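**Student:** Questions regarding the structure given below will be posed in turn.
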Amino acid sequence: MLELGLLSDLAPSERREVVATMHRHTYATGEVVFHEGDTADSVHFVVEGRVVARRSSEQGDRLAYSVMGPGQAFGELAMIVRAGRRTATIEAVEPTVTLALAFADFERLCAKHPEVSRLLVRLLAARVNCLTEALMEALHTPAELRVVRSLVSLCGVYAVGAQSRSPVTVQLNQSELAELAGVTRPTANRVLRRLESGGVVALDRGRVTVVDPGALRRTATVTHPLGHA
């Protein structure tokens, strides 16, 4: 059976019924799943590939704030407000497959199996936890450390299987990494260059390879990992 993250908490029979109501979608690299402001009517679970979430700033720029991979979900707010609007633009950063659960199908499942409603609680709890952690990072973590921790988080999204010590290639450019960390591109570049000089990462056009994930995780626990700018 497909591993779809939080769906694994459901009983096998409930999980099978949820998956049976889902619709499979495929997206090419750069294809938009939905735009900020679109009508929201479904939640997506990533089966293959990865997507980036972007939101418009007050200046009208669309900035990346999250990357999601297999087992993760997005668009769960559609299950709370009928005919609500999407709060972000979701774009595939590589060939991606999702399974989408429509709001109407979710309501029918809940009426038949009240236990399925726990899925929404878990989705929302996970989202609140992520937002809380992101807020604390933005308010209290130095910019250079945010870059390192964002890269650690991305390793979790891009690692294959039980990969933890071997190199992990993050298919994002420095500008995207800067957006995810909430820093300027020059700051991200400075941190990455220092990590590269220490043999922790290798930089290439449009991607960052974490050569030593263990060393990167250790760096992420230091208050000022790379010294003061």
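**Student:** Among the strands (runs of 3 or more DSSP E) confined wholly to segment 34-80, which include 1 or more residues that are touching a residue at least 12 places away in the same chain (Cβ under 8 Å), within 27 Å of Leu109 (Cα to Cα) and in contact with a Gly (Cβ under 6 Å, 6 or more places away or on another chain)? Step through it out loud before you land on a result.
**Tutor:** On the way: elements: 42-48, 51-56, 62-68.
Filter on segment 34-80 gives 42-48.
**Student:** Looking at His25, His44, can you tell me which residue is within 23 Å of Val157 (Cα to Cα), out of contact with any Lys or Arg (no Cβ under 6 Å at 6 or more places or on another chain) and open to solvent by 60 Å² or more (accessible area, probe 1.4 Å)? Steps first, answer last, please.
**Tutor:** Details: His44 fails: open to solvent by 60 Å² or more (accessible area, probe 1.4 Å).
None of the other options fit; the residue is His25.
**Student:** Let me ask you something else. List every residue pair whose Cβ atoms lie under 6 Å apart, where the two residues are 6 or more positions apart in sequence or sit on different chains, the first residue falls within segment 181-199 and is in contact (Cβ under 8 Å) with a residue 24 or more places away in the chain and closer than 14 Å to Leu151 by Cα, and the second residue, located anywhere, is open to solvent by 50 Å² or more (accessible area, probe 1.4 Å) and not in a loop (DSSP other than H, G, I, E, B).
**Tutor:** Gly182/Ala138
**Student:** Which residue pairs have Cβ atoms closer than 7 Å, lie 6 or more positions apart in sequence or on different chains, and pair a first residue in segment 10-22 that is over 15 Å from Arg108 (Cα atoms) and without any contact (Cβ under 8 Å) to a residue 24 or more places away in the chain with a second residue that is assigned to a helix (DSSP H, G or I) and open to solvent by 40 Å² or more (accessible area, probe 1.4 Å)?
**Tutor:** Going by the 7 Å Cβ cut-off, there are no qualifying pairs.
**Student:** Taking only segment 85-119 into account, find how many residues are within 16 Å of Val52 (Cα to Cα) and either at pLDDT below 85 or surrounded by fewer than 18 Cβ atoms within 10 Å (Cβ to Cβ) (or both).
**Tutor:** The qualifying residues number 4.
**Student:** Exactly one condition in (1) modelled with pLDDT under 85; (2) surrounded by 13 or more Cβ atoms within 10 Å (Cβ to Cβ); (3) touching a strand residue (DSSP E or B) at 6+ places or on another chain (Cβ under 8 Å) is false for Ser57; which is it?
**Tutor:** Here Ser57 meets the rest and fails (2).
**Student:** In segment 120-142, how many are in a helix (DSSP H, G or I), in contact (Cβ under 8 Å) with a residue 60 or more places away in the chain and surrounded by 15 or more Cβ atoms within 10 Å (Cβ to Cβ)? I'd like the intermediate steps shown before the answer.
**Tutor:** Initially, segment 120-142 is screened for residues in a helix (DSSP H, G or I), giving 120-140.
Add one more test, that the residue is in contact (Cβ under 8 Å) with a residue 60 or more places away in the chain, and what stays is 122-123, 126, 130, 134.
Okay, now just the ones that are also surrounded by 15 or more Cβ atoms within 10 Å (Cβ to Cβ), so 122-123, 126, 134.
Result for segment 120-142: 4.
**Student:** Another question, then. Is one or more of the residues making up segment 61-74 surrounded by 12 or more Cβ atoms within 10 Å (Cβ to Cβ), under 22 Å from His113 (Cα atoms) and at pLDDT 90 or above? Full working, then the answer.
**Tutor:** Here is the first cut: in segment 61-74, the residues surrounded by 12 or more Cβ atoms within 10 Å (Cβ to Cβ) are 62-74.
Now restrict to residues that are under 22 Å from His113 (Cα atoms): 73.
Now drop any that are not at pLDDT 90 or above, which leaves none.
Among the residues of segment 61-74, not one is surrounded by 12 or more Cβ atoms within 10 Å (Cβ to Cβ), under 22 Å from His113 (Cα atoms) and at pLDDT 90 or above, which makes the answer no.
**Student:** Tell me whether segment 145-153 contains one or more residues that are of a type in the set (A, V, I, L, M, F, W, C), in contact with a Lys or Arg (Cβ under 7 Å, 6 or more places away or on another chain), surrounded by fewer than 20 Cβ atoms within 10 Å (Cβ to Cβ) and at pLDDT 85 or above. Write out each step before concluding.
**Tutor:** First, pick out the residues of segment 145-153 that are of a type in the set (A, V, I, L, M, F, W, C): 145, 147-148, 151-152.
Next, from what is left, pick out any that are in contact with a Lys or Arg (Cβ under 7 Å, 6 or more places away or on another chain): 152.
Next, only the ones that are surrounded by fewer than 20 Cβ atoms within 10 Å (Cβ to Cβ) stay: 152.
With the extra rule that they be at pLDDT 85 or above, the set shrinks to 152.
Yes, because at least one residue in segment 145-153 is of a type in the set (A, V, I, L, M, F, W, C), in contact with a Lys or Arg (Cβ under 7 Å, 6 or more places away or on another chain), surrounded by fewer than 20 Cβ atoms within 10 Å (Cβ to Cβ) and at pLDDT 85 or above.
The values are calculated or read from the model by the stated rules, or taken from the named source; none is laboratory data. Everything numeric here is computed off the predicted structure, so don't read it as measured data. In this analysis, Cβ positions are derived from the backbone assuming ideal geometry, glycine residues included, and neighbour counts consider all displayed protein chains. Remember, those area values only see protein heavy atoms, side chains included, never the ligands or the DNA or RNA. Shrake-Rupley method; radii C 1.70, N 1.55, O 1.52, S 1.80 Å.
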